[in-house]
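Peer 1: I have a structure here, written as structure tokens, and I will follow up with some questions on it.
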Amino acid sequence: MRLGQDVLTDLDQALAQEWLLADGVGGCALGTAAGARARPEHALLIASDHAGHAAVALLALDARVTHDGETLDLATHRLVGDASAPAGYRHLESFTADPWPRATFRSGAIAVQQAYFMLSGHSAVVASWLNTGSRPIRISVAPLLVARGPSIVHREDPALIGVVKGQPGRVTLQSREGFPTLTLWHSGTFLPARVWQRGHVLETDESFEDAFAAAPDATSRATRAGAGARGANGARSARRIGTVTRAAVRVPNPSQAGHDPAAGEDALAAGYIEATLAPGQWLHVVAAVEPDLFKTLAHESRLGTPPPSTLAGCVERLERHEREHLSLTRNAAVAGADFTARQAAAAQGGDGMAQSRRSEPLVDHEDPWITRFATALELALVSRGSRLTLVTLPDGEEHGVTALRALPGLLSLRAFEPVAAVLRGYAEYVDEGYVPESFDAAGSPRYGDPRASLWLIHAAERYARRSGEIDLVRDTLYPALESIMQYFRAGTRGGLRVDSEGLLSLDAGDGPTRFADLNALWYHALVAMAQLARLVGRRENGAFYLAWAREHQQRFVERFWDASRGQLAYAITNERALWELHPELVLAASLPPTLLAPEQARTLVETIERELMTPLGLREAPGSRRVRPEWVGSFASAWLRAHGRSAEAQTRVRGWLDALGEHTGLSGHLPELFVLPRSTPVHREGGASNAAPMRPRRAGAAAAPVAVAECVRVRIEELDRAESAVAVG
């Protein structure tokens, strides 16, 4: 997507256009088309260690260009009480994030291009400036440092170190002890300095408190639900047993930064890299937390033989390598998506059979969404030691439920190798029936949420069915999955067990609680195990699991469904039903085979649509301004099934996905949350609220893989690839 001056010169619009780069090891770069930082997470290099702890290694590289007495600041700052802050966005001619961020500036005789890209497999970012004008220019680039994690703000601190060591073409910087040491390789001259930039205005997630106030039941529900989520050591889990919130959802703690976030953030300019650029000449800066980065790159054969003798030559070869890697990823994604779309069309029969036999591709590079979403999923894949997983960015956090729920999207792209690696990594850590919900600083697993175990079974069955790789399933996955079923049936940690009525319940000491979504996942785990047992040649086990699933289905409907309310009980505690409506209840109508009878499923979908549906996903509760895009795929699947997959139904779902797509980042990523304006209406059938102007605020993690994965899955597997859309009156 290429942005022009109609967007770029409007600061609010330009700030809303967010780009993301990732390094494949948990680090990233995140920014806006305006060049201004709108949130604490916006930084040029966020580095993550082996356990997923993220820190801002480089906040920004502020560039200033001069020529014949004229000055152009490329940076844009919003400073507390300072109207004279740099406003480079006013001189932006164009901006694109494909394949990575590239901005062009022009003011008088000055014309400059600024570009960034990251090095896959390394916590390193490359920044470059090209003189695209006809006259020489002088450029000065200031590295800005802070000492903090991605989601809080920093105040002026005399203890910040700054320059550690300098030599021609290279300088070492550090903010504080315990934070990453940063090495800059550059093609200019470095001049050390120590200048504080004070009062950068940032939008923090503290306004989450206002969103919670709009729906106080969400907090109380999290407390009730969390009663059953205890780790291996018996401590209360930090994460809600369902999906709503972590114990701290990146809400900045002013005491951590030592000041009120409203006062803005302070950053240290540790010096200046200066150069004179003739027309057509580049200035390059490579920033990394690896002091021996170029030795490693040479060992990996990324620099060629022999390696270039100049930084410009190295950057050229590194850029070529990253472009080739991106091209391979996109080509594989398009080919995989086309293959899966043909399978899905054939399975649906009717006109779909004819579509599956078309000589032209059903999915190609002209598809406006698949390559963007595939790139976003690639950004979320991270190596953690010997494991491969998916994380949220920029915090680099890994959660079992999130990683495993994202796998069906990768399977739609036929990305079998990464899916197998993720499944293998989690299966190896199954303990007393539990899959890790996260990992601690030492890489040791934390256990607490039983849903991760059930999502592992769900993903493993889909992998086995799609890939046909029976050896991995039979030798590694099936034994681990069967142990999950046995422990859950007999009883395991956290008071989790199948109770006397055949329902899965949790008892952390306050009495048994049966959660509807947990039992919906349990039903689908039973069906999935029946299929897996048959695939590995255990037919008797398969028949047993299938019979068990039928019994569970009957008991579930008897205990949870209320026809007069048109919904399921969210939970049953001590025989008292909690009639709260929340997004995860859609699982009873979305996962095949449907747990509810057709009319019950349709009624539930209508209730959820009426009370929770927005164009950006499902509200956490009726009236809540907090919207979870991760549930849009499940709801779309349930809605299509409830409406017979008619052409009109598919057109409406396609419209929802397109509306959500308009709020994706420039790199195809979707946030963990949207916070809606207070005036946003509830969705009503017919799409009235879809037409209402919405300016939602992104919140939580900037890039959450489940929402993107679900959009990929629905677009490829659920929607017909008709040549013309059906109009909805």
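The values are calculated or read from the model by the stated rules, or taken from the named source; none is laboratory data. Quick caveat, the model's predicted, so the values are computed rather than measured. Methodologically, a virtual Cβ is constructed for each residue, glycine included, from the backbone with ideal geometry; neighbour enumeration extends over all protein chains shown.
Peer 1: If only one of His67, His42 is crowded, with 24+ Cβ neighbours inside 10 Å and either of a type outside the set (Phe, Trp, Tyr) or at positive phi (or both), which one is it? Steps first, please.
Peer 2: Values: His67 fails: crowded, with 24+ Cβ neighbours inside 10 Å.
Sole residue among the options that is crowded, with 24+ Cβ neighbours inside 10 Å and either of a type outside the set (Phe, Trp, Tyr) or at positive phi (or both): His42.
Peer 1: Pull out all pairs, ordered by first then second residue, where Cβ-Cβ is under 8 Å, the residues are six or more apart or on different chains, the first lies in region 299-310 and is at positive phi, and the second is not in a loop (DSSP other than H, G, I, E, B).
Peer 2: Matching pairs, first to second residue: Gly304/Arg317.
Peer 1: Also: Within region 363-386, can one find any residue that is within 30 Å of Pro40 (Cβ to Cβ), surrounded by fewer than 21 Cβ atoms within 10 Å (Cβ to Cβ) and free of Cβ contacts under 8 Å to residues at least 40 places away in the same chain?
Peer 2: Within region 363-386 (the criterion being within 30 Å of Pro40 (Cβ to Cβ), surrounded by fewer than 21 Cβ atoms within 10 Å (Cβ to Cβ) and free of Cβ contacts under 8 Å to residues at least 40 places away in the same chain), the answer is no, since none of the residues qualifies.
Peer 1: Can you name the number of the only condition in (1) within 26 Å of Gly644 (Cα to Cα); (2) buried (at least 17 other Cβ atoms within 10 Å of the Cβ) that Val498 fails?
Peer 2: (1)
Peer 1: Only helices (runs of 4 or more DSSP H) wholly contained in region 351-454 count here; list those with 3 or more residues that are in contact with a strand residue (DSSP E or B) (Cβ under 9 Å, 6 or more places away or on another chain).
Peer 2: Correct list: 370-380, 400-405, 416-427.
Peer 1: For residues in region 174-190 being within 22 Å of Ala312 (Cα to Cα) and assigned to a strand (DSSP E or B), which is farthest from the chain's Cα centre (by Cα)?
Peer 2: Of all residues in region 174-190, those within 22 Å of Ala312 (Cα to Cα) come to 182-190.
When the remaining residues are screened for being assigned to a strand (DSSP E or B), the result is 182-186, 189-190.
On the way: Leu182: 26, Thr183: 28, Leu184: 29, Trp185: 31, His186: 32, Thr189: 38, Phe190: 37 Å.
Taking the candidates together, the pick is Thr189.
Peer 1: In addition: Would you mind listing the strands (runs of 3 or more DSSP E) fully within region 493-589 where at least 1 residues are of a type in the set (Val, Ile, Thr) and over 25 Å from Ala460 (Cβ atoms)? Before you say what the answer is, go through the steps one by one.
Peer 2: Working: elements: 513-515, 571-573, 576-578.
Where strands (runs of 3 or more DSSP E) fall fully within region 493-589 and carry at least 1 residues being of a type in the set (Val, Ile, Thr) and over 25 Å from Ala460 (Cβ atoms), they are 513-515, 571-573.
Peer 1: For Ala335, all conditions in the list (1) assigned by TED's automatic domain parsing to the domain that holds Arg698; (2) at pLDDT below 95 hold save one; what is the number of the exception?
Peer 2: Unmet for Ala335, out of (1) assigned by TED's automatic domain parsing to the domain that holds Arg698; (2) at pLDDT below 95: (2).
Peer 1: A further question on this structure: Can we say Val163 is of a type in the set (Val, Ile, Thr) and more than 30 Å from Ala701 (Cα to Cα)?
Peer 2: Details: of a type in the set (Val, Ile, Thr): yes; more than 30 Å from Ala701 (Cα to Cα): yes.
Answer is yes for this residue.
Peer 1: When you scan region 49-61, do you find a residue that is modelled with pLDDT of 90 or more and surrounded by fewer than 22 Cβ atoms within 10 Å (Cβ to Cβ), even just one?
Peer 2: The first filter runs over region 49-61 and keeps only residues modelled with pLDDT of 90 or more, leaving 54-61.
So of that shortlist, the ones also surrounded by fewer than 22 Cβ atoms within 10 Å (Cβ to Cβ) come out as none.
No - not one qualifying residue is present in region 49-61.
Peer 1: Here is a follow-up. Given the conditions (1) out of contact with any Lys or Arg (no Cβ under 9 Å at 6 or more places or on another chain); (2) not in a strand (DSSP E or B), which single one is not true for Gly133?
Peer 2: Unmet condition: (1).
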